[in-house]
Amino acid sequence: MKKLSYLLILTIFVWGCAPKPYYVKPNEWKTPDKKDSVINFYSKFLKGWKIFLDPGHGGQDRKNIGIKKRVVEADVNLKVALYLRDYLTRAGAIVFMSRDKDTTVSLADRVKMATESGADIFISIHHNAMPGDENTYYASTWYHAVEGDPKFHPCNRDLARYIQRDLAYALRISGSLASFDGTMSDYFVYPKQGFYVLRNATMLAVLVECTFFTNEYEERKLSIDEFNQIEAWGIFKGIAKYIQAGIPKIEILSDTILTSERPTFILKVSDRTGIDRQNIQIKIDSISVEKSFITSIDANSYLIILFTPNFNLSEGIHTLDVVVRNKNGNSSFPFKRNFYIRKQIGD
């Protein structure tokens, strides 16, 4: 009995004397004023943006536990999301959440809530695991589908790249070696399907895996409140820098009911950072259409694009799909518009 008590005391002593894991505070955190100045700077870009945060798991789903049982993934996801909400709202963004406490929310309800919120951006927050491998850890940010797949849209990968860069820098860790820049397609895990929330999201969407709770050293950091704030800070800066770089906006100026088999369409494209004329993709019913005329307004920040399909369109509903990239490399949000070809009487 004495021997058992001695071992227990020794274990507690060793645990209490274990060195605090090392991590680096962001440079902007040297003083509260400096931190506030960063948030204030990005407020001119973030103000009014609607962002939906989805802390993964929770409630009845609490099975993901750290290797030494110091943390539960669901709890850490929520803490990071709440800190991120604080940074975003202080910068003027409008934030919605799938949960703000430990409660059960189905995948379907997460997507439904995001859609009904009218959010511009959906961000799901998670922490990763590698069962049987205690050494692996990295940050990764995921987007849906792969280039060439009908479900892929480059704007999702654009945002993933911004978040991944600033998150990895804030945590001082690398990205996955399975990817050049640490961003990953969800087809890597579920071929041709991807993650439910990304597959069914109706807006720009990414999923963030901040680091691994199956690595003991990372788990120790995840149990520290300040480190969770740093995770949120990295995601916050990634979002802010992405929006700062601009997102092209597209408007269709043509009628939606047309009578010609080869109608002429008119698009207005705007972006305060300038538009990359070489990266304009136009499709009708998944068939590429060449743009025929572009004119600039206001030093290339606004473009008027005219084009006529080089193939006949049958009577009925058709879909116009346009992607435009700005000079900073950001693609427009998904732009798909239906229009109707109605043959004239006597044709």
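The values are calculated or read from the model by the stated rules, or taken from the named source; none is laboratory data. Fair warning: this is a prediction, and the values are worked out from it, not measured in the lab. Cβ sites come from the backbone with ideal geometry, for glycine too, and all protein chains shown count toward neighbours. Keep in mind that these areas ignore ligands, DNA and RNA; they rest on the heavy atoms of the full protein, side chains included. Shrake-Rupley method; radii C 1.70, N 1.55, O 1.52, S 1.80 Å.
Just checking: which of the helices (runs of 4 or more DSSP H) contained wholly in region 194-252 hold 3 or more residues that are open to solvent by less than 10 Å² (accessible area, probe 1.4 Å)? Steps first, please.
Working: elements: 196-200, 216-222, 225-244.
Result: 216-222, 225-244.
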Restricting attention to region 33-44, which residues are in contact (Cβ under 8 Å) with a residue 60 or more places away in the chain and open to solvent by 40 Å² or more (accessible area, probe 1.4 Å)? none
Please verify whether region 144-166 includes one or more residues that are basic (K, R), open to solvent by 20 Å² or more (accessible area, probe 1.4 Å), in contact (Cβ under 8 Å) with a residue 40 or more places away in the chain and assigned to a loop (DSSP other than H, G, I, E, B). yes
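Suppose the filter is touching a residue at least 60 places away in the same chain (Cβ under 8 Å), of a type outside the set (S, T, N, Q) and open to solvent by less than 70 Å² (accessible area, probe 1.4 Å); does A114 pass it?
Values: touching a residue at least 60 places away in the same chain (Cβ under 8 Å): yes; of a type outside the set (S, T, N, Q): yes; open to solvent by less than 70 Å² (accessible area, probe 1.4 Å): yes.
It is true that A114 is touching a residue at least 60 places away in the same chain (Cβ under 8 Å), of a type outside the set (S, T, N, Q) and open to solvent by less than 70 Å² (accessible area, probe 1.4 Å).
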Residue count for region 288-329, restricted to those that are among the aromatic types (F, W, Y), open to solvent by 50 Å² or more (accessible area, probe 1.4 Å) and under 17 Å from P248 (Cβ atoms): 1
Restricted to region 167-180 and to residues being outside any helix (DSSP H, G or I) and open to solvent by 60 Å² or more (accessible area, probe 1.4 Å), the residue farthest from K336 (Cα to Cα) is R172
Would you please list the contacts, defined by Cβ atoms under 7 Å and residues six or more apart or on different chains, that run from a residue in region 248-271 that is without any contact (Cβ under 8 Å) to a residue 40 or more places away in the chain to a residue that is open to solvent by 60 Å² or more (accessible area, probe 1.4 Å) and part of a loop (DSSP other than H, G, I, E, B)? K268/L253
